[in-house]
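Colleague: For reference, the structure I am asking about is given below.
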Amino acid sequence: MDKRYEAIFCIINAGFSDAVMSAARKAGAGGGTVFKGRGAAPREAEELFKITVQPEKEIVMLVVSEDVKDDVLRAIYTEAGLGSAGQGIAFSLPIERSVGLSDYSREKEKKAERPEDVQPRQEN
Amino acid sequence: MAEYSGEIKTGAENVAPSRLMMLVTVVQKGKGTFFADFLQTFDANLQVCVVGRGTARADAAEFLGLNEKNRTIIFSIVSEDRLDAIMDALESRFYTVNGKTGISFAIPLTSMIGKLSYGFLSNDRRLAKGGEANG
């Protein structure tokens, strides 16, 4: 694998996955996948950290290149972190092998190298 | 059952023969069973399928062959030994099953406990008999 990727998981209250994706896209992420989950936390921890854990959760899974990973995490933390209504918790895990990802990046790079692919030539 | 001494063991006796990886495979909804069965042939004994939705930009999704929004996410645990074969096979399947139909990536597991559990997850049949001896 030429380029290193990381998987970002963000666990957030149901209904706030769009906020996560919006923040992540601004920081350079592409697409993601959202699925449902159920949250649980000990009562003492909720009281200690003054957080109410809403049981209905969404998990946003993103695959981003290593060089934008920190920016994406920071953007999610700022716009959808524990201080926001979404109460998102985000973390990243290293990806050792992948298929189906690098081709898209390569295609984008190729297009950038060949501007005529992006802007069609005008013919007289 | 052996009593826990509180001592953290280090050394070769606690090192698994092969690392385990969590394989995450995202495919179009409806192709989950096909890919789960396919991964099972590569010794993936534990698989969890979850239904989700994609948020990729239209151009990216189209390029990846994920035109529909609904997805099936398959979480599988596989042995690192099998990873190259799995990735190669998945890549060819992604290109042959109705065009380019998915993505897959592997995340390493850093630790686990239980010989029997390890044997099950890595499909190491030598660890199957005799029950779980110890961690």
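Colleague: Hey, what do the phi angles of the range B:109-125 turn into as Karplus ³J(HN,Hα) couplings, whole Hz, using 6.51/-1.76/1.60 and θ = phi - 60°, x for Gly and Pro?
Modeller: The phi angles translate into 8, 8, 7, 7, 10, x, 5, 5, 4, 4, x, 5, 5, 9, 6, 8, 5 Hz.
Colleague: Summarise the partner chain shielding of A:25-35 as one whole number: the mean count of Cβ atoms from other chains within 10 Å of each residue's Cβ.
Modeller: For peptide A:25-35, the averaged partner shielding equals 5.
Colleague: Moving to a separate point now. Would you mind giving the average projected area, over all directions, of the Cα convex hull of the range B:19-127 in nm² with one decimal?
Modeller: Result: a mean projected hull area of 6.8 nm².
Colleague: Take the Cα coordinates of the range A:5-106, assign each an equal point scatterer, and use the Debye formula without solvent to give log10 I(q)/I(0) at q = 0.11, 0.13, 0.17, 0.25 Å⁻¹.
Modeller: Once normalised to I(0) and log-transformed, intensities are -0.34, -0.46, -0.74, -1.30.
Colleague: Okay, moving on. Going 7 Å from the Cα of B:CYS49 toward and past its Cβ, which residues in the range B:76-98 have a backbone nitrogen under 14 Å from where you end up?
Modeller: Correct set: B:76.
Colleague: Once you place label points 7 Å from the Cα toward the Cβ at B:PHE34 and A:THR78, how far apart are they in nm?
Modeller: 4.2
Colleague: Would you tally the net charge around B:VAL26, using a Cβ to Cβ cut-off of less than 11 Å, leaving B:VAL26 out, and scoring K and R as +1, D and E as -1?
Modeller: Residues close to B:VAL26 contribute a combined charge of +4.
Colleague: Past the 26 Å Cα-Cα mark, which pairs from A:LYS36/B:LYS29; A:LYS50/B:LYS69; A:LYS36/A:LYS69; A:LYS57/B:LYS69; A:LYS36/B:LYS31?
Modeller: A:LYS50/B:LYS69
A short reminder: the numbers here are calculations on the coordinates, not readings from a lab. Because the structure is a prediction, the values reported are computed rather than measured. Positions of Cβ are generated from backbone atoms using ideal geometry, with glycine treated the same way; all protein chains shown enter the neighbour counts.
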